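What follows is a set of notes on a single structure, which appears directly below.
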Amino acid sequence: MLTRQENNVGTHITFLSGNQVRAMALDPSPKAPAAEMAIALSVAILLDAVGTAKCALMSVQYDRGVRTEWRVWSARVESSLAFGHDFDASGGTPGVHPKLPGLRPGWLFGRAVDLSDNQWRGFRGNLSVLVTAALITSPLIYFSRKAFGAKRMPFVHAVYGVLVVTYLHGASIFWIAALIAAHFAVCQTFAGKNIGLTAIWASAIIQLALVQFTAHRWSGAGVLSYFRNVLPDALSRFLESSLDSAPTFSGILPRWWIHHNLLVLRLISYGVDLHHKRVTDSSNNGKGSMTEKQNKEVTTSESKKNEEPKQHASKVDYDSLVKSPSVDVSYSANEYIAYCLYPPLYLAGPTSVFNAFASQLRTPQVSYSKKQVVRYVLVKFLLILVLLEVWTHLIYTNAMAQSRVWITLNKMGTNFGPFEVGVTSLATLNFMWLKFAVIWRFFRCWSLLSGVEVPENMTRCVNNNSTILGFWKGWHASYNKWLVMYLYIPLGGAKYKLMNAWVVFLFVGAWHDRVSYRLFWWAVIFAGFLAPEIFVAQLGKKLFPSTESRSTLTFRLIRSFLGAVNVHVLITGNMVGYVVGMDGADELRKAYFGRGVFSAGKFLCASLIVCSAAAHVGFEQRAGEARVKGVGDGGSVVQGKRRCKEGKGGKGS
């Protein structure tokens, strides 16, 4: 049996038998003692607060606008948290610490702001424009639906997408149009045939490779040169002169190719959904003739569906539409263009599948009421935005990591030791979580305001994940759902779990950017450590098979300790893949042991304690969620609990 979580939550999912599912439902996880939870929560909060304070005090030294006496005081306090590092009075003297290139004048607390991350700097700098666009276009879509009717909304959305993308990329819209038109032709030609899936994937992957490696060199003159020999001389000269004299409009984002990887996901989703639709229709038509009564029932049912599209759409949410799209979806060119170029999702996502998206073009989503959308904007977007602004004004660890300050500091004799390495790495990962949470939630807000529900990313706090599986289920969750549906399950799912894990992680690494050693090592680290995680999970089920055995302190301590080890793997993998690469990781390793093995071991023990406490709280939180739903954890040591949703709304399959 395949649980709902396997279909829609993460990249790497476990298949459960029917007996396991029933046993889990009847065997809820035991509850940890309140005193134990209080101790774990207190330790996690206290030591996390110490680490955050350490980061903030370190950051003061890099802000040239801070007064000298405040630098000296903060350096003295910071050095007391350095695990054996003696205070150096010169640490508060301006000019001792290297200048961080990513710092800019800020607007909070008289401090500079860390804008070293290109994505965040670009989004933050254009946030007012994006908000204005959302506030203008969302009502326009609402009134267009009233004015033109539901049937014409795919065309309206298609025109809307073309206009916005043209504004973004200027004349490069012709490259984008050519690429999506070519893929549309492939899908319409091969979908439903034996080679349909192969052709669809090949078309998309070839496009991805061509765009990543060559699109920055594309030009109209270059294309014309290929056809110069077959075109009449007069026409060739006319086209050349027209290209030379034509005004150039490159849009506000001329580097259109950096967004094409997201577009490739939509190309694949449209083609695969169309393929399955045609295969299903062909299978149904091949079952033989129906009786006259059956034909009448089907005709009546289809008539009611066509007459009442709103009622059909109002009964389902996004996840339901993924499997059972609206009967109005026709896989037309207008739906395809609207899906590929939908402005709220075009630049950054979240990732939506075609069936669910197209089902909401004519009839807007009803999963979120107006009050819920407003609450989402205020609580899930604005509060995180404010928190990120405060964070980047007080903590500069991302700029420190980008600039690799440990090299300069160690050359200057100011040791960058194990505590500094640990808190810088963790704080950088926290910054990444906040950044992506703000960006993805903004575009999800815009999409909801426009009537289209898409999956939520960042479903759990970054510090509330202690497994590789759980981390990626809660990070880019919408992309994970896409991977499960279009890559992991078609490759055999859990039947070939470890092999598929390598395929998925390597695909993700290559998809993010043209072949990068950083992302290659990122894929190797996570795919490699997934095998021992799965092994330990299976071993834990054998060693602690019953509710009684899992209610012991021994089980909880082992589970939490292994979760802490996994946290270190997650931090290392993400620092290697997205921040410093393997060469930077080697530099951090040297800095980690720069004050000796004893100092490094002392900090490692402290970090394992705080991560174990945080993992313990996280596992118990998940167990509590499972108890509310009447589901147990299956005795997993590393994975914690697996939720299995069955019953209402087709949650099980």
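The values are calculated or read from the model by the stated rules, or taken from the named source; none is laboratory data. This is a predicted model, so every value here is computed, not measured. In this analysis, Cβ positions are derived from the backbone assuming ideal geometry, glycine residues included, and neighbour counts consider all displayed protein chains. SASA here: full protein model, heavy atoms, side chains in, ligands and nucleic acids out. Shrake-Rupley method; radii C 1.70, N 1.55, O 1.52, S 1.80 Å.
Of S225, S236, S242, which residue is at pLDDT below 65, assigned to a helix (DSSP H, G or I), open to solvent by less than 20 Å² (accessible area, probe 1.4 Å) and not acidic (D, E)? So that I can check it myself, show each step before the final result.
Details: S225 fails: open to solvent by less than 20 Å² (accessible area, probe 1.4 Å); S242 fails: open to solvent by less than 20 Å² (accessible area, probe 1.4 Å).
Checking each option against the conditions leaves just S236.
Working carefully through the options I180, I205, find the one that is modelled with pLDDT of 95 or more, open to solvent by less than 50 Å² (accessible area, probe 1.4 Å) and assigned to a helix (DSSP H, G or I).
From the options I180, I205, the qualifying one is I180.
Return the residues of segment 49-80 that are charged (D, E, K, R), more than 22 Å from A606 (Cα to Cα) and crowded, with 21+ Cβ neighbours inside 10 Å; say none if nothing qualifies. Walk me through it before giving the result.
First, the residues of segment 49-80 that are charged (D, E, K, R): 54, 63-64, 67, 69, 71, 76, 78.
Checking the rest, the ones that are also more than 22 Å from A606 (Cα to Cα) come to 63-64, 67, 69, 71.
Those that are charged (D, E, K, R), more than 22 Å from A606 (Cα to Cα) and crowded, with 21+ Cβ neighbours inside 10 Å: D63, R71.
Restricting to segment 77-123, what's the tally of residues that are part of a helix (DSSP H, G or I), more than 24 Å from I439 (Cβ to Cβ) and at pLDDT 85 or above?
So in segment 77-123, the residues part of a helix (DSSP H, G or I) come out as 77-79, 89-92, 118-123.
Still in the list and also more than 24 Å from I439 (Cβ to Cβ): 77-79, 89-92.
Next, from what is left, pick out any that are at pLDDT 85 or above: 77.
Summing the residues that are part of a helix (DSSP H, G or I), more than 24 Å from I439 (Cβ to Cβ) and at pLDDT 85 or above in segment 77-123 gives 1.
Name the residue, out of S326, S352, S332, S367, that is farther than 24 Å from F174 by Cβ, at pLDDT 95 or above and touching a helix residue (DSSP H, G or I) at 6+ places or on another chain (Cβ under 8 Å). Give the derivation first.
Details: S326 fails: at pLDDT 95 or above; S332 fails: farther than 24 Å from F174 by Cβ; S367 fails: at pLDDT 95 or above.
The conditions single out S352.
Each row is one residue, and each column tells you yes or no for (1) part of a helix (DSSP H, G or I); (2) of a type outside the set (V, I, T); (3) in contact with a strand residue (DSSP E or B) (Cβ under 8 Å, 6 or more places away or on another chain); (4) more than 20 Å from L409 (Cβ to Cβ).
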site	(1), (2), (3), (4)
G528	yes, yes, no, yes
F535	yes, yes, no, yes
K542	yes, yes, no, yes
R556	yes, yes, no, yes
S560	yes, yes, no, yes
H568	yes, yes, no, yes
T572	yes, no, no, yes
R589	yes, yes, no, no
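Say we look at segment 147-177 and pick out the residues that are surrounded by fewer than 15 Cβ atoms within 10 Å (Cβ to Cβ) and small (G, A, S); which of these is nearest to A358 (Cα to Cα)?
G149
Just for helices (runs of 4 or more DSSP H) wholly inside segment 371-471: which have at least 1 residues that are more than 19 Å from G106 (Cα to Cα) and touching a residue at least 60 places away in the same chain (Cβ under 8 Å)? Explain how you work it out, then say what you get.
Numbers: elements: 383-394, 397-403, 405-411, 418-449.
It comes to 397-403, 405-411, 418-449.
Of the residues that sit in segment 420-438 and are farther than 22 Å from L382 by Cβ and of a type outside the set (A, V, I, L, M, F, W, C), which one is modelled with the lowest pLDDT?
So in segment 420-438, the residues farther than 22 Å from L382 by Cβ come out as 420-429.
Going one step further and asking which of them are of a type outside the set (A, V, I, L, M, F, W, C), we end up with 420, 422, 424-425, 428.
Working: E420: 88, G422: 91, T424: 92, S425: 92, T428: 94.
Here the residue is E420.
Which pairs do you get when a residue that is within 30 Å of Y396 (Cβ to Cβ), found in segment 120-140, comes within reach of a residue that is open to solvent by 70 Å² or more (accessible area, probe 1.4 Å), reach meaning Cβ atoms under 9 angstrom, with the pair 6+ apart or on two chains?
Within 9 Å, the pairs are R121/R104; N126/I252; V129/I252.
Could you identify the single residue in A23, A35 that is modelled with pLDDT of 85 or more and either open to solvent by 30 Å² or more (accessible area, probe 1.4 Å) or assigned to a loop (DSSP other than H, G, I, E, B) (or both)?
Details: A23 fails: modelled with pLDDT of 85 or more.
Result of the check over A23, A35: A35.
Residue under question is G451, and the condition is that it be within 20 Å of L57 (Cβ to Cβ) and in contact with a helix residue (DSSP H, G or I) (Cβ under 7 Å, 6 or more places away or on another chain); does it hold? Explain how you work it out, then say what you get.
Values: within 20 Å of L57 (Cβ to Cβ): no; in contact with a helix residue (DSSP H, G or I) (Cβ under 7 Å, 6 or more places away or on another chain): yes.
When the stated conditions are applied, G451 does not pass them.
For S549, all conditions in the list (1) farther than 24 Å from L265 by Cβ; (2) buried (at least 16 other Cβ atoms within 10 Å of the Cβ) hold save one; what is the number of the exception?
It is condition (2) that S549 fails.
Out of L469, L506, L491, L487, report the one residue that is crowded, with 20+ Cβ neighbours inside 10 Å and not aromatic (F, W, Y).
Values: L506 fails: crowded, with 20+ Cβ neighbours inside 10 Å; L491 fails: crowded, with 20+ Cβ neighbours inside 10 Å; L487 fails: crowded, with 20+ Cβ neighbours inside 10 Å.
One residue alone meets the criteria, L469.
Looking at K645, K641, which is the one that is at pLDDT below 90 and either open to solvent by 30 Å² or more (accessible area, probe 1.4 Å) or polar (S, T, N, Q) (or both)? Outline the logic, then answer.
Values: K641 fails: either open to solvent by 30 Å² or more (accessible area, probe 1.4 Å) or polar (S, T, N, Q) (or both).
That would be K645, the only listed residue that is at pLDDT below 90 and either open to solvent by 30 Å² or more (accessible area, probe 1.4 Å) or polar (S, T, N, Q) (or both).
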